[in-house]
Amino acid sequence: MLALTHLLPALAVPTAPEYTQRRITQNVYGAAFTSSGSVDHLQSSSVTPYPLNKTMWLNFPPQPSNPAAFEWVELGGGKGLTATSIALPNPQLNEQSYWAGHYFTYQRFDSSRNRWYYEGRIGSANPTGSHRYKLERVLSENNKWCSYVDNVGAYCITIAGANNYNSAVNTTIGIESQDNQHSFTNGTGASNIWTYPTNATGFQIFGGTAVNIDNNNRGWYSQWFPLQNGNNGIGFYNQ
């Protein structure tokens, strides 16, 4: 999610985004994973309101005319300040409130290199237990992507930017924190990771390797569990 740059009247200390995550480099029309514990495994509250997310990003290729533009769609569970409507562009602090639950996010750039960021809530607050998240391109329509939570359609968007958004170049799954008080359940994971390669006819369980792209100062780290007995997964650790 987008880094917050405004200070809040709380004891929390905002930090630059920190990550423990794994990346699959593969051209895809979609990806899915099961988040063990979902928001139950994220340790945050309204007094540490900067985002803490366990999530999946599908990243689009760089724009030829704006290679620094970072564009993606994102789906997962989180705790932190979130806009109430995904349709609200570039939400400001007064347009956000604390949320613990599923969310959808995307970012695009227009031809004038203006950034447009959108985020919003899916379903009811405080979902318990594990949940499955899926992002999938609608192949019959250009640049249209849909999100699913527990295999139920949640939100669809046709991305109107300066790029081609018909496929993503990589899938990243991990935990993102923007507060020095955040933590998570040690050993929480992501499992049953499937992708929809652009050279395939549908989703298939991922049999390759998700590489380590951890980036934090907290000692957090991830471990990849390759496909075995019909399952794969990622473990996230903080000790």
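Tabulated results
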{"quantity": "Single match in 156, 146 (criterion: without any contact (Cβ under 8 Å) to a residue 40 or more places away in the chain and in contact with an Asp or Glu (Cβ under 7 Å, 6 or more places away or on another chain))", "calculated": "146"}
{"quantity": "Meets criteria (on the phi < 0 side of the Ramachandran plot, part of a loop (DSSP other than H, G, I, E, B) and within 18 Å of the chain's Cα centre (by Cα)) for residue 165", "calculated": "yes"}
{"quantity": "Hits in region 73-91 - residues which are touching a residue at least 60 places away in the same chain (Cβ under 8 Å), out of contact with any Lys or Arg (no Cβ under 9 Å at 6 or more places or on another chain) and either open to solvent by 10 Å² or more (accessible area, probe 1.4 Å) or over 24 Å from residue 180 (Cβ atoms) (or both)", "calculated": "73, 81"}
{"quantity": "All positions within region 109-156 that are within 30 Å of residue 68 (Cα to Cα), open to solvent by 60 Å² or more (accessible area, probe 1.4 Å) and assigned to a loop (DSSP other than H, G, I, E, B)", "calculated": "111, 112, 113, 114, 139, 140, 141, 142"}
{"quantity": "Flag for residue 68 being out of contact with any strand residue (DSSP E or B) (no Cβ under 8 Å at 6 or more places or on another chain), assigned to a loop (DSSP other than H, G, I, E, B) and not basic (Lys, Arg)", "calculated": "yes"}
{"quantity": "Of the criteria (1) in contact with an Asp or Glu (Cβ under 9 Å, 6 or more places away or on another chain); (2) assigned to a loop (DSSP other than H, G, I, E, B); (3) open to solvent by less than 30 Å² (accessible area, probe 1.4 Å), which one residue 218 fails", "calculated": "(3)"}
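One line per residue, one yes/no per condition, for (1) of a type in the set (Val, Ile, Thr); (2) within 22 Å of residue 29 (Cβ to Cβ); (3) at pLDDT 95 or above:
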site: 54; (1), (2), (3): no, no, yes
site: 58; (1), (2), (3): no, yes, yes
site: 66; (1), (2), (3): no, no, no
site: 69; (1), (2), (3): no, yes, no
site: 74; (1), (2), (3): no, yes, yes
site: 100; (1), (2), (3): no, no, yes
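The values are calculated or read from the model by the stated rules, or taken from the named source; none is laboratory data. Predicted, not measured: the structure shown is a model, and the values here were computed from it. Backbone-built Cβ (ideal geometry, glycine too); neighbour counts: all protein chains shown. To get the accessible areas, we keep the full protein, side chains included, count just its heavy atoms, and leave off ligands, DNA and RNA. Shrake-Rupley method; radii C 1.70, N 1.55, O 1.52, S 1.80 Å.
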